Structures are given as C-alpha cells and as structure tokens.
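So the structure is just underneath, and the comments pick up after that.
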Amino acid sequence: MKILAFAASLRAASLNRKLIALAADAARAAGAEVDLADFHEFDMPLYDQDVQDSAGIPEPCLELCRRIELADALMISTPEYNFSFPGTLKNAIDWVSRVKPMPLKGQVCYLLAASPSLVGGLRCLWHLRQPLEGLGTFVLPTMYSLPQADKAFGEDGQLVDPKRAETLTAQVQQFIETANLLRGKVSSAAG
Ligand SMILES: Cc1cc2nc3c(=O)[nH]c(=O)nc-3n(C[C@H](O)[C@H](O)[C@H](O)COP(=O)(O)O)c2cc1C
C-alpha cells in the first residue's frame with residue numbers, strides 16, 4: 001500500500017503540515033509506504049482553458065498526477081478558509097480533472113483538517129468531498145478534524161492530547177484497511 005500525503009497549505013509553519021506528518025507516521029507504522037509531498041511541489045497557475053489549449057497541462061500538475069497514479073491511496077490535510085477549503089487546492093483539483101486518464105477516478109482518500117478554531121476545519125472537509133466524489137474518488141466517510149490546533153502539538157510535534165492521538169492512529173489504520181479492500185489488495189493484517 002503506497003500513500004501520497006500532503007497538506008494543502010503553502011506556509012512553512014502550517015498546522016496541517018504538522019498533522020499530515022503525524023498521519024504519515026501512523027500510516028508507516030501500519031505498514032504503508034508514504035510519499036509525503038510538499039504542496040509547493042505542485043505550484044501551478046490559475047486554471048485557464050486558454051492556457052491549457054495553447055500550452056497544455058502545466059508540469060506541476062502533471063507531477064501531481066504522476067504521484068497520484070503511483071499511489072494506491074491519498075491523505076490530504078487541509079486548512080479551512082472562509083468555511084471552505086483553499087482555492088489553491090480547488091485549482092489543483094480543477095487542473096487534475098482535465099488530465100486523461102483522470103488519476104483521481106477510483107482513488108481512495110482520507111481527509112483531515114487542522115484549525116485554531118473550536119470547529120477544527122470540519123466544515124471545509126464536507127466541501128472538499130464534493131469535487132473529489134464528483135470525480136469518482138472514494139472518500140473515507142470518517143474524517144479527522146483537529147480543533148485548537150495552534151495549541152494541539154507539543155515541541156516534539158506529537159499531539160499533546162493522547163485521545164486525539166489515539167483517534168488519529170485508529171482512523172489511519174481504518175483508512176488503510178478500507179483502501180486495501182477497495183483497491184483489491186487485502187492486507188496481511190486483515191487476513
Ligand atoms: C483566508 C483565511 C480564511 C480563514 N478562514 C477560516 C475559517 O473559515 N475557519 C477556520 O477555522 N479557520 C479559518 N482561517 C484560519 C486558518 O484555519 C488558520 O490560519 C490555519 O492555521 C491555516 O492552516 P495552516 O496552519 O495549515 O496553514 C482562515 C485563514 C485564512 C488565511
């Protein structure tokens with residue numbers, strides 16, 4: 001099981017970067033191979049069909065597509081911007097959706113969000129499900145939302161609340177089991 005994981009935030013001190021790093025650790029501990037990408041690797045221009053028609057799909061989008069194709073499953077941790085997910089991520093999804101064959105079709109995805117707010121970004125995940133499911137991605141019904149994320153990490157980068165850490169580990173394990181089943185690769189752990 002190979003997983004592409006990234007935080008949909010560009011800032012160095014991103015809370016979602018911290019969260020996806022922990023999800024990646026949990027996935028490795030569960031036996032997965034993780035490609036932990038930096039969202040800057042997929043910096044791409046704003047979608048413009050004239051650009052697509054004249055210059056084709058931008059190289060950073062093709063790179064994202066290659067990395068999605070190499071993976072059996074995806075984990076995305078996203079900030080919540082104005083009750084939804086960031087335009088940078090929507091832009092990336094829009095470009096990817098123009099590529100044929102479209103690599104998100106049939107993929108399996110686990111969504112996470114970290115926010116300093118009490119709601120923890122959960123609202124944006126419901127929006128993010130929509131384009132992904134519209135494109136044929138199986139999005140795990142269980143989603144992870146980390147409230148008060150500015151206070152949630154210790155200096156070692158771990159979650160200070162053991163219950164939140166346990167939930168993350170359990171959800172990542174559930175995701176890997178589900179992805180194994182959906183991708184037709186039942187893990188040895190599942191028999
Ligand atoms: C443009 C903008 C809009 C935001 N809107 C929300 C919001 O609707 N809900 C929320 O919980 N946090 C909101 N925030 C705060 C972000 O959750 C916070 O900046 C978070 O740390 C961003 O994620 P990151 O640390 O991974 O970059 C907003 C931040 C920005 C810059």
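FYI, it's all coordinate maths here, none of it is from the lab. All values derive from a computational prediction rather than experimental measurement. Here the Cβ positions follow ideal geometry from the backbone for every residue, glycine too, while neighbour counts run over all protein chains shown.
Can you tell me the 0 to 90 degree angle between the C-alpha axis of helix 162-182 and the longest principal axis of the chain, rounded to 10?
Approximately 50 degrees, to the nearest ten.
Kindly provide the helix-only [θ] at 222 nm of the chain, computed as the sum of -39,500 (n - 2.57) over DSSP H runs of four or more divided by all residues, to the nearest 500 deg cm²/dmol?
That calculation yields -13000 deg cm²/dmol at 222 nm.
Could you derive backbone 3J(HN,Hα) for the stretch 51-63 from the dihedral phi with the Karplus parameters 6.51, -1.76 and 1.60 (θ = phi - 60°), listing whole Hz in sequence and x where the residue is Gly or Pro?
With the stated coefficients, the stretch 51-63 comes to 5, 4, 5, 8, 10, x, 6, x, 4, x, 6, 4, 4 Hz.
In terms of the Cα gyration tensor, with a ≥ b ≥ c the square roots of its eigenvalues, is the stretch 65-116 rounded because a/c is under 1.5, prolate because a/b exceeds b/c, or oblate?
oblate
Each residue of the stretch 7-13 in turn: what ³J(HN,Hα) in whole Hz from Karplus with 6.51, -1.76, 1.60 and θ = phi - 60°, glycine and Pro shown as x?
Taking θ as phi minus 60°, the curve returns 9, 8, 10, 9, 7, 4, 8 Hz for the stretch 7-13.
Go through 10-21, 157-168, 106-117 and give me the packing order, highest mean Cβ count within 10 Å leading.
Put in order of decreasing packing, that is 106-117, 10-21, 157-168.
Please turn the phi angles of the stretch 108-125 into ³J(HN,Hα) values with the Karplus equation 6.51 cos²θ - 1.76 cosθ + 1.60 (θ = phi - 60°), one per residue in order, whole Hz, x for glycine and proline.
Karplus values, whole Hz, x for Gly and Pro: 10, 9, 10, 10, 9, 8, 10, 8, x, 6, 6, 7, x, x, 4, 4, 6, 5.
With the Cα gyration tensor of the stretch 47-191 giving a ≥ b ≥ c as the square roots of its eigenvalues, does the rule (a/c under 1.5 for rounded; else a/b larger than b/c for prolate; else oblate) give rounded, prolate or oblate? Walk me through the numbers on the way to the answer.
Numbers: a/c = 2.28, a/b = 1.32, b/c = 1.72.
Oblate, because a/c is 1.5 or more while a/b does not exceed b/c.
Assuming a ≥ b ≥ c are the square roots of the Cα gyration tensor eigenvalues, decide whether the stretch 1-56 counts as rounded (a/c under 1.5), prolate (otherwise, with a/b larger than b/c) or oblate.
Because a/c hits 1.5 or more and a/b fails to exceed b/c, the stretch 1-56 counts as oblate.
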